[in-house]
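Notes to accompany the following structure.
The values are calculated or read from the model by the stated rules, or taken from the named source; none is laboratory data. If you're wondering where the values come from, they're calculated on a predicted model, not measured in any experiment. Glycine gets a Cβ as well: all are built from the backbone with ideal geometry, and neighbour counts include every protein chain shown.
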Amino acid sequence: MSNTEYGLITIGNALVDVLAKTSEDYIAQQKIESGMEKGSMNLVDEKRALALYHDMDNSIEMSGGSAGNTMACYASLGGKGAYIGKVADDQLGITFASDLHNMSVDFKTPALSGNASTGRCMILVTPDGERTMNTYLGAAVELTPDDIDEDFIAKGEVVYLEGYLFDPPKAMEAYIKAARAAHKASRRVALSLSDSFCVHRHREAFKDLVSYHTDILFANEDEIKALYETDDLEEAIDIAQSKCAIIAITCSAKGSIIIQSGTRTDIPAEPNVTVIDTTGAGDSYAAGFLYGFTHKMDMAQCGRLGSIAAATVIAQMGPRPDMSLADIVKKKVA
């Protein structure tokens, strides 16, 4: 694909993550009190977000959001990219933008001026490394089709969409506009299903997007089974591969499965990884895969880069690598 300025353009909820370790008992109590589901993304209002923040001891704050994390990892691998998402004209919004610019990622979406503040995600990490997310979307819900510049979309070899952005209604319209603009320019569209609960909320819309607007689909086992309403992973994979040119299914410690035009490649997980925090595992896998894809690597190489990126991120606290992924890849890939 010629005449592209960026290898990857990602679109998603622009959020600042607040992470803290917690106990299984706290999550269980919150399930009783508020319906919080362990291991999922729970939407909350600003009052609830502030209450959770008050309960979080020794928290870490950093820019996040699923597509933002993918872009951060892609840049850490050495890729050139851009990000589209909505922040407010406040201190968190300034921090979010600065973090991307410091990674040489282009971020030009105009900030929102008004009552809504920049969105944030309160992430509770239990001793098993599982993350439970509680998201106040804030300004992120104000992303609209007007924020999608079709000429800008055409500058990216791949446009990547995060499933979480399906919760704000206007954002779904923005996705369709971006996907159509990408295909009009003969670019590729990638989609992450993001979360099985998100899939349950928007199943039919996801099915349409996968069938008619997506070239590369990322999902984990639970998400792909939720999409096609089956308990059989292989059945879900069979359906998905009939809808999409490339599918990449992550299977935690079992590695991942990639199918391109009917050809299956099984990728083992990286060995000897101590899991600290699974936040951003799927985001980083997608980044590694797409870095390989936009640098003309085969599916096995793309999957290996995805595994290395994911293994690096889950061995630390937080969804963005605290070291150069490019350096790590150099050491691991001869």
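Collect the residues in segment 141-156 that are over 12 Å from Ala14 (Cβ atoms) and buried (at least 22 other Cβ atoms within 10 Å of the Cβ), keeping them in residue-number order. Give the steps one after another, and end with the answer.
Restricting attention to segment 141-156, the residues satisfying the condition of being over 12 Å from Ala14 (Cβ atoms) are 144-146, 148-156.
Listed by number, the residues that qualify are Ile148, Ile153, Gly156.
Looking at (1) part of a loop (DSSP other than H, G, I, E, B); (2) farther than 23 Å from Ala287 by Cα, which is the only condition Lys170 fails?
So the condition that Lys170 fails would be (1).
Can you tell me which residue in segment 40-64 is surrounded by the fewest Cβ atoms within 10 Å (Cβ to Cβ), limited to those that are at negative phi and in a loop (DSSP other than H, G, I, E, B)?
To start, the set of residues in segment 40-64 that are at negative phi comprises 40-57, 59-64.
Okay, now just the ones that are also in a loop (DSSP other than H, G, I, E, B), so 40, 44-45, 56-57, 59, 64.
Values: Ser40: 17, Val44: 20, Asp45: 11, Met56: 17, Asp57: 8, Ser59: 16, Gly64: 31.
By that ranking, first place goes to Asp57.
Of a type outside the set (Asp, Glu), surrounded by 21 or more Cβ atoms within 10 Å (Cβ to Cβ) and at pLDDT 95 or above, is that true of Gly81? Reasoning before the result, please.
Details: of a type outside the set (Asp, Glu): yes; surrounded by 21 or more Cβ atoms within 10 Å (Cβ to Cβ): yes; at pLDDT 95 or above: yes.
When the stated conditions are applied, Gly81 passes them.
Output the residues belonging to segment 27-39 that are under 13 Å from Met122 (Cβ atoms) and either surrounded by fewer than 16 Cβ atoms within 10 Å (Cβ to Cβ) or in contact with a His (Cβ under 8 Å, 6 or more places away or on another chain) (or both).
Within segment 27-39, the first condition is being under 13 Å from Met122 (Cβ atoms), and the residues that meet it are 27, 30, 34, 36.
Once the filter is applied, which keeps residues that are under 13 Å from Met122 (Cβ atoms) and either surrounded by fewer than 16 Cβ atoms within 10 Å (Cβ to Cβ) or in contact with a His (Cβ under 8 Å, 6 or more places away or on another chain) (or both), segment 27-39 yields only Ser34.
I need a count of the residues in segment 1-38 that are under 23 Å from the mean Cα position of the chain (by Cα) and either within 29 Å of Gly81 (Cα to Cα) or of a type in the set (Asp, Glu) (or both).
17
Report, ordered by the first and then the second residue, all pairs with beta carbons closer than 6 Å, sequence separation of six or more or different chains, a first member in segment 104-123 that is without any contact (Cβ under 8 Å) to a residue 40 or more places away in the chain, and a second member that is hydroxyl-bearing (Ser, Thr, Tyr) and assigned to a strand (DSSP E or B).
Val105/Tyr83; Phe107/Tyr83
Taking the conditions exactly as written (surrounded by 22 or more Cβ atoms within 10 Å (Cβ to Cβ) and of a type in the set (Gly, Ala, Ser)), does Ala219 satisfy them or not?
Details: surrounded by 22 or more Cβ atoms within 10 Å (Cβ to Cβ): yes; of a type in the set (Gly, Ala, Ser): yes.
For Ala219, the condition - surrounded by 22 or more Cβ atoms within 10 Å (Cβ to Cβ) and of a type in the set (Gly, Ala, Ser) - is met.
Counting only residues that are in contact (Cβ under 8 Å) with a residue 40 or more places away in the chain and of a type outside the set (A, V, I, L, M, F, W, C), which one in segment 189-208 is surrounded by the fewest Cβ atoms within 10 Å (Cβ to Cβ)?
Here is the first cut: in segment 189-208, the residues in contact (Cβ under 8 Å) with a residue 40 or more places away in the chain are 190, 192, 194-198, 206.
Subsequent filtering for residues that are of a type outside the set (A, V, I, L, M, F, W, C) retains 192, 194-196.
Values: Ser192: 27, Ser194: 27, Asp195: 27, Ser196: 22.
Only one residue tops the list, namely Ser196.
In segment 190-221, how many residues are touching a strand residue (DSSP E or B) at 6+ places or on another chain (Cβ under 7 Å) and part of a helix (DSSP H, G or I)? Quick ask: steps written out before the conclusion?
Here is the first cut: in segment 190-221, the residues touching a strand residue (DSSP E or B) at 6+ places or on another chain (Cβ under 7 Å) are 190-195, 197-198, 209-210, 213-221.
Okay, now just the ones that are also part of a helix (DSSP H, G or I), so 197-198, 209-210, 213, 221.
Final tally of qualifying residues: 6.
For segment 79-128, what are the residues that are among the hydrophobic types (A, V, I, L, M, F, W, C) and in a strand (DSSP E or B)? Walk me through it before giving the result.
Of segment 79-128, the ones among the hydrophobic types (A, V, I, L, M, F, W, C) are 82, 84, 87-88, 92, 94, 96-97, 100, 103, 105, 107, 111-112, 116, 121-125.
Ala82, Ile84, Ala88, Phe107, Leu112, Cys121, Met122, Ile123, Leu124, Val125, listed by residue number.
So if I check each of Ala20, Ala67, which one is at pLDDT 90 or above, in a strand (DSSP E or B), crowded, with 16+ Cβ neighbours inside 10 Å and among the small types (Gly, Ala, Ser)?
Working: Ala67 fails: in a strand (DSSP E or B).
Going through Ala20, Ala67 in turn, just one is at pLDDT 90 or above, in a strand (DSSP E or B), crowded, with 16+ Cβ neighbours inside 10 Å and among the small types (Gly, Ala, Ser): Ala20.
Looking at segment 222-334, what helices (runs of 4 or more DSSP H) fall wholly within it and have at least 3 residues that are surrounded by fewer than 17 Cβ atoms within 10 Å (Cβ to Cβ) and among the charged types (D, E, K, R)?
Working: elements: 233-241, 281-294, 299-314, 325-332.
Answer list for segment 222-334: 233-241, 325-332.
Restricting to segment 102-135, name every residue that is closer than 22 Å to Ile60 by Cβ and over 19 Å from the mean Cα position of the chain (by Cα).
Asn102, Ser117, Thr126, Pro127, Asp128, listed by residue number.
Of the conditions (1) at pLDDT below 95; (2) within 17 Å of the chain's Cα centre (by Cα); (3) crowded, with 20+ Cβ neighbours inside 10 Å, Gly138 fails just one. Which one is it?
Among (1) at pLDDT below 95; (2) within 17 Å of the chain's Cα centre (by Cα); (3) crowded, with 20+ Cβ neighbours inside 10 Å, Gly138 violates only (2).
Can you pull out the residues in segment 89-116 that are of a type in the set (Gly, Ala, Ser), surrounded by fewer than 20 Cβ atoms within 10 Å (Cβ to Cβ) and at pLDDT 90 or above?
So the first thing to find is which residues in segment 89-116 are of a type in the set (Gly, Ala, Ser), and the list is 93, 97-98, 104, 111, 113-114, 116.
In the following step, the residues that additionally are surrounded by fewer than 20 Cβ atoms within 10 Å (Cβ to Cβ) were identified as 98, 104, 111, 113-114, 116.
The answer is Ser98, Ser104, Ala111.
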